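One structure is given here, and the rest of the page talks about it.
The values are calculated or read from the model by the stated rules, or taken from the named source; none is laboratory data. Just so it is clear, the structure is predicted and the values come from calculations on it, not from any experiment. Every residue, glycine as well, gets a Cβ built from its backbone with ideal geometry; the counts of neighbours run over all protein chains shown. Heads up: the accessible areas ignore ligands, DNA and RNA and are worked out on the full protein's heavy atoms, side chains in. Shrake-Rupley method; radii C 1.70, N 1.55, O 1.52, S 1.80 Å.
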Amino acid sequence: MDKTNILYLESLFGIFLVVFLAFFLFIVKTKNKLANWLLAFFLFTNAVDALKFLIHDFPVNYMNLEAFRWSFNYLVPAAFYLYVLSVCYSNFRLKPKHLWHTIPFVAFNLYMAYGIYFEDRASKIYFINTLSESHIMQFFHILFEVLFQVYFIASFLVIRKSKTVYLENYTNPNISILNALYKITILYYVLHFIVLIRWLVTFTFGSGELRQWIVTLDAFAFLFCTCWYLFVALNKPEFFRGVSSQLKPITESVPKQKMFTEIDEEKNMQIESLKNFMVKNEPYLDSSLTIQDLAEQVNMPVKDLSTLINLYMNKHFFDFINQYRIEKAKDILKDSSKKELTILEVLYEVGFNSKSSFSTSFKKYTGQTPTEFRKSSY
């Protein structure tokens, strides 16, 4: 089997998977409907772009459709960025202002309308043959690359910020899901890097043997990214509940001059009072506890409590709460009268709702797994 057939089969299988997954995400009933629809649209735009791997020669009889297919490239980065926003922020909604993201797509189609859509066959062919010399087309190539870099860098920043906010304000955040989203973003970024190599090789060496192999690699990478996303979707159907976009990292909400203030007697008293409250009332046993919930219980403004924990105690809210859960779990695991409890029952009893999160946190604090700790305690 030569590389042409390999490329064709890879592309056909990849496009089928992408379209199938996009269709499934569009019709499935879930509370994450907007995120699923945005992901479905992003996957669909990738499938439209991947059709190029199935086209051996320029479709002269379908020049308008081919030109319109080109324009979908200007929706891909924006679609992914909006998807990241919808995953990371639970209160994200599409608004009229988001139509600004379609301006490059509209502008490119206006250019195609000028040279292809409403022209006769001869004029279309001439326009296409001279595209490589067109300064406007070169501008659109550069624009696409700038858009891709801006949107994907923005996506990385949104993921990082939402992870920080989650750790500072929530307990039991599904960080593994967020990490999966981060890896998927990297995968698509790497996929684009292969496209850049293909462009560079085409510009330097023309459409030769080397370019064909890179195109095959590009198609394989597209298939791999699709299969990876399918794997993540199957293993993690409850995809990251998201944080409120109104929340900000504590370093952004507290004036810089206050970030380096030494702990005075008043702060020490507040810290001791908070610790005593945690030991006496055990609010950490609530698996859905947030910093807003705890602030209400200790009768303190959320911002002040967040500052006290994240800055003066130098801990994320996530770590602050989990240290109490781990201590409670250690007491249970050392208690011979409760040796019949399974590890799963223990983690639920102390406020965790994920076995992986419990095991990771327990080993972080004790250096042992829960099972190892229990065995060494008797």
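Listing for the model above:
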| quantity | calculated |
| --- | --- |
| So Phe139, is it assigned to a helix (DSSP H, G or I) and out of contact with any strand residue (DSSP E or B) (no Cβ under 9 Å at 6 or more places or on another chain) | yes |
| Close pairs from the stretch 335-349: first assigned to a loop (DSSP other than H, G, I, E, B), partner open to solvent by less than 70 Å² (accessible area, probe 1.4 Å) and at pLDDT 85 or above, Cβ under 7 Å, at least 6 apart | Leu341/Ile332 |
| Those residues of the stretch 21-49 which are among the hydrophobic types (A, V, I, L, M, F, W, C) and closer than 15 Å to Cys225 by Cβ, in sequence order | Leu21, Ala22, Leu39, Phe42, Leu43, Phe44, Ala47 |
| Residue in the stretch 162-177 that is more than 30 Å from Asp286 (Cβ to Cβ), among the aromatic types (Phe, Trp, Tyr) and part of a helix (DSSP H, G or I) present | no |
| Qualifying residue in the stretch 318-330 (condition: touching a residue at least 24 places away in the same chain (Cβ under 8 Å), open to solvent by 10 Å² or more (accessible area, probe 1.4 Å) and more than 20 Å from Asp286 (Cβ to Cβ)) | no |
| Contacts under 7 angstrom Cβ, first residue in the stretch 360-378 being open to solvent by 70 Å² or more (accessible area, probe 1.4 Å), partner assigned to a helix (DSSP H, G or I), 6 or more apart | Tyr365/Gln323; Tyr365/Ile326; Tyr378/Ser336 |
| The stretch 125-142 residues that are over 18 Å from Ala113 (Cβ atoms), paired with ones that are among the small types (Gly, Ala, Ser) (beta carbon under 9 Å, 6 or more apart) | Gln138/Ser132 |
| Single residue of the stretch 350-370 satisfying the filter (in a loop (DSSP other than H, G, I, E, B) and hydrophobic (A, V, I, L, M, F, W, C)) that is nearest to Val279 (Cα to Cα) | Val350 |
| Which numbered condition Gln297 fails, given (1) part of a helix (DSSP H, G or I); (2) open to solvent by 40 Å² or more (accessible area, probe 1.4 Å); (3) within 20 Å of Glu266 (Cα to Cα); (4) at pLDDT below 90 | (4) |
| Close pairs from the stretch 33-50: first closer than 11 Å to Val87 by Cα, partner open to solvent by 30 Å² or more (accessible area, probe 1.4 Å) and part of a helix (DSSP H, G or I), Cβ under 8 Å, at least 6 apart | Asn36/Phe26 |
| Check on Tyr166, of a type outside the set (Lys, Arg), under 20 Å from Leu75 (Cβ atoms), modelled with pLDDT of 65 or more and surrounded by 15 or more Cβ atoms within 10 Å (Cβ to Cβ) | no |
| Residues that are modelled with pLDDT of 80 or more and either open to solvent by less than 60 Å² (accessible area, probe 1.4 Å) or under 17 Å from Pro104 (Cβ atoms) (or both), drawn from the stretch 50-68 | Met63, Asn64, Glu66, Ala67, Phe68 |
| Condition met for Phe92 (at pLDDT 90 or above and of a type outside the set (Asp, Glu)) | no |
| Of all residues in the stretch 69-108 being among the polar types (S, T, N, Q) and open to solvent by less than 30 Å² (accessible area, probe 1.4 Å), the one that is nearest to Gln149 (Cα to Cα) | Ser71 |
| Residue among Tyr111, Tyr126 that is open to solvent by 30 Å² or more (accessible area, probe 1.4 Å), over 30 Å from Tyr312 (Cα atoms) and either in a helix (DSSP H, G or I) or touching a Leu at 6+ places or on another chain (Cβ under 8 Å) (or both) | Tyr126 |
